[in-house]
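Colleague: First the structure, then my questions, so here it is.
Nothing in this text is a laboratory measurement; each read-out follows from the coordinates by a stated rule. Remember, it's a predicted structure, so these values are computed and weren't measured experimentally. A quick note on method: Cβ atoms are made from the backbone with ideal geometry, for glycine too, and the neighbour counts reach across all protein chains shown.
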Amino acid sequence: MVCKKCEKKLTTLAAPDKWKEGSKNAVAGSSGRKLNQNKLLSRSAKIRFDPLNVRKCKLCKTKVHQDKAHYCQDCAYKKGICAMCGKQVLDTSAYKQSSK
């Protein structure tokens, strides 16, 4: 459960744009993209997944699966808040939810 403001942060694609003029991954100038480059070695350390540095939910202390989220999906749904910023998204006062 994510608010409209934080939904923009989730719009990154797994596959990059096709190589054409005006795409996000097009490089200006005559150099263009690098050929014969090992992508596993050239990625920055910031992009790599580190299993030891996983965020934990602020409420229940379980692992959070989204990169920028502060609350797990269960807590965000039960409280009716945005998983990333904690803003109230849904009024859950009339809902009958389990205490699981």
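Colleague: I'm trying to understand the selection: among the residues of the range 79-100, which are closer than 10 Å to Met1 by Cβ and free of Cβ contacts under 8 Å to residues at least 24 places away in the same chain? Show your work before the answer.
Modeller: Taking the range 79-100 and keeping what is closer than 10 Å to Met1 by Cβ, we get 79-84, 89-90.
Once the filter is applied, which keeps residues that are closer than 10 Å to Met1 by Cβ and free of Cβ contacts under 8 Å to residues at least 24 places away in the same chain, the range 79-100 yields only Lys79.
Colleague: A further question on this structure: I want to confirm something. Restricting to the range 67-78 and keeping residues that are touching a residue at least 40 places away in the same chain (Cβ under 8 Å) and of a type outside the set (Gly, Ala, Ser), which single residue is nearest to Ala94 (Cα to Cα)?
Modeller: Tyr77
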